[in-house]
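Remarks on the structure that follows.
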Amino acid sequence: MALSPLQKARYEYSPKLPGMLRNGIADICVKEGAPTQSVADQDRIKALFPNTYGKKEVTFEKGKNTAAPKKQVVGVILSGGQAPGGHNVICGLYDAVKATDKDNVLLGFKGGPSGLIEDDYIEFDDAFIDAYRNTGGFDIIGSGRTKLETEEQFEIVTKVAEKHGLTAIVIIGGDDSNTNAAVLAEYMAAHNTGVQVIGCPKTIDGDLKNEDIEISFGFDTATKTYSELIGNIERDANSAKKYWHFVKVMGRSASHVALECALETQPNICLIGEEVAAKKMSLSQIADQIADSVAKRAANGDNFGVAIIPEGIVEFVPEFSMLIGEINELLAGENTAKFNALSTWEDKYAFIKAGLTDEAMSVFEVLPQGIQQQLFLERDPHGNVQVSLIESEKLFSAMVKEKLAKMKEAGTYKGKFSAQHHFFGYEGRCAFPSNFDADYCYSLGYNAFMLIQYGYTGYLSKVSNLSKPAEEWIAGGMPISKMFNMERRNGKDKPVIRKALVELDGKPFKYFEERRAAWAVETAYTYPGAIQYYGPSEVCDITTKTLALEKG
């Protein structure tokens, strides 16, 4: 296979480790902190995890390694959507496994959790690992979204573990995947299998975050990639001076990606879903906000602009959430087949009108027909509307266009409005990881093995102090159960990791809030450019604006 010059160079990059992990395996000791408890519902969580709940925080330090020597056979899986740096987690894990004892084994189970169930695996060696160092993607073993949550699945995984003599399993994934990791760890402990389970925090959405996880891996690279593209669009907009660009970015359940891209590029508009929900803003109010910026800029002779829209924005709009809820009820059970059997949109529209309340229908009627139809596209596995399929960037540009037409009739707007639409999602999920993500992910993998060597299970690999140079990073671990609360899922109460939303009183949002009024009218664009891998540290190793503001 032909390699690009950058790919060849990245293979040779040596990721930076936290200071205490640079001493060599023999000189890493562990320090235990205080016992932990879950963020909420402590009694219920403790009852569900009697063997793994309440364990202590741990930190690795320089000192004599006191772990009992034994042969380690470790299995690893990638779970959920891709995120830049996943390969380096595996590379760091592999290097630590082999540095401890060259006879130790690392098995990669293919296609995500299903690989564990189907016993589909590969044994890693130096040549195989070296071909994936510092590269993007999850193609080293693939990923999947199978959930490990049933007794039958756990029994199968236990048999696979026994077959290979597994001493530990590392699950690299997001909030749901690490929830599954904690449940699997509890099962393994309860059944005295001797198999440890360790998680690693991954998601480009940025919503796997708390006082212990300063940032999930992949967020840095993905937002830098999107910000480069948005900066390019801003430069083009300022050159052509005739288009308003509506840019939708990844992030269904939280607006961290949109906010970070706004901090990087200073667009005219950036919608934050959490603010929309807090203020109970309607679709019309959001469109008014954008139209106001369009009109003010047009008065200055600037008939162009850039608006960033988070992927899940419509779910934060109370009236739209109500509409979606009614549509999900309307198409429950046999009604889906009845609806799909109707041959024309007119017939389907009549079916919808007969089934929705007047309040929901009043919202539905103001939507452009294309958006109305998107609400009735293929359902998700639970029979719900797939909000990610809704082209919210086109929804808001159409609503703004309509409002501007009325303003023109009233004489309050005299500009020209022409829209372009973009959705940046997959473009960022498998990018070459930034130096930050390459270093961070390698550290997470290396650190995961230290947790295994010292006998911990149900823990998340944790690297903190990330706004500082890598030498000052702090490595350790925390019980996954510390992040749990109980939530209603598919009609049942389940322990899950609480998603982190944008904090409206947090420093990143406050910084944005103080400046957005000026950005809405001025052309204050900044152009981050491409991710840099070689050169001054202040250019190549820079972290996100979000993390810098939170920790600054």
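The values are calculated or read from the model by the stated rules, or taken from the named source; none is laboratory data. Since this is a predicted model, take the numbers as computed values, not measurements. Every residue, glycine as well, gets a Cβ built from its backbone with ideal geometry; the counts of neighbours run over all protein chains shown. Just the protein is used for accessible areas: all its heavy atoms, side chains included, with ligands, DNA and RNA removed. Shrake-Rupley method; radii C 1.70, N 1.55, O 1.52, S 1.80 Å.
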Once label points are set 7 Å from the Cα along Cα→Cβ at both A517 and E538, what is their separation, rounded to one decimal in nm?
3.2
Using all alpha carbons of the chain, what is the percent of pairwise distances in each 10 Å bin, ordered from the shortest bin to the longest?
4, 17, 26, 24, 17, 9, 3, 0, 0
So how far, in whole Å, is the C-alpha centre of the range 247-291 from the one of the range 205-232?
16
Simple label model, 7 Å out from Cα along Cβ direction - E503 to I474, nm
1.6
What is the angle, in °, between the Cα long axis of helix 256-265 and the longest principal axis of the Cα atoms in the chain? Nearest 10 is fine, range 0 to 90.
70
So between D27 and K159, what do we pick up on full extension, going 0.36 nm a residue minus the alpha carbon distance?
44.0 nm
Measuring with a 1.4 Å probe in the full set of protein chains, what accessible area per residue, in whole Å², belongs to the chain?
41
Rounded to the nearest 5, the percent of antiparallel DSSP beta bridges in the range 68-179 equals 25
Angle between the chain longest axis and helix 318-330 axis [Cα atoms, degrees, rounded to 10]
80
Checking the table K8/K70; K62/K545; K202/K482; K110/K163; K16/K70 against a 24 Å threshold on Cα-Cα, which pairs fail?
K8/K70; K62/K545; K16/K70
Tell me, how many Å apart are the Cα centres for the range 59-138 and for the range 42-56?
28
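First measure r as the distance between the Cβ atoms of Q37 and E402, then evaluate 1/(1 + (r/R0)^6) with R0 = 41 Å and state the FRET efficiency to the nearest 0.05.
Details: r = 52 Å, r/R0 = 1.27.
Rounded to the nearest 0.05, the efficiency is 0.20.
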Run through all the Cα pairs of the range 5-129 and give the fraction in each 10 Å bin from 0, expressed as whole percent.
10, 27, 35, 24, 4, 0
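Relative to the present Cα-Cα distance, how much length would full extension add between H421 and E149 at 0.36 nm per residue of separation? Walk me through the intermediate numbers first.
Working: separation 272, 0.36 × 272 = 97.92 nm, distance 3.97 nm.
Using 0.36 nm per residue and subtracting the Cα-Cα distance, I get 93.9 nm.
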Please work out how much length the chain gains when fully extended from S388 to K279, using 0.36 nm per residue of separation minus the C-alpha to C-alpha distance, in nm with one decimal.
37.0 nm
Each label point is 7 Å from the Cα along the Cα-to-Cβ direction; what then is the distance between the points at E12 and D101, in nm?
3.5
Beyond 18 Å, how much of the Cα-Cα pair distribution for the range 191-242 remains, as a whole percent?
57
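Of all the accessible heavy-atom surface of the range 411-552, with the other protein chains kept in place and a 1.4 Å probe, what percent is carbon and sulfur? All intermediate terms of the calculation are to be shown ahead of the outcome.
Working: 3200 of 6230 Å².
That share works out to 51 percent.
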For S418, solvent-accessible area (1.4 Å; no DNA, RNA or ligand), Å²:
50
Roughly what % antiparallel, to the nearest 5, for the DSSP beta bridges in the chain?
40
Once the Cα atoms of helix 507-521 and of the chain are each reduced to a long axis, what angle between those two axes, in degrees from 0 to 90 to the nearest 10, is obtained?
30
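I'd like the FRET efficiency for D130 and E409, computed as 1/(1 + (r/R0)^6) with the beta carbon distance as r and R0 of 60 Å, rounded to 0.05.
Numbers: r = 66 Å, r/R0 = 1.10.
It comes out at approximately 0.35.
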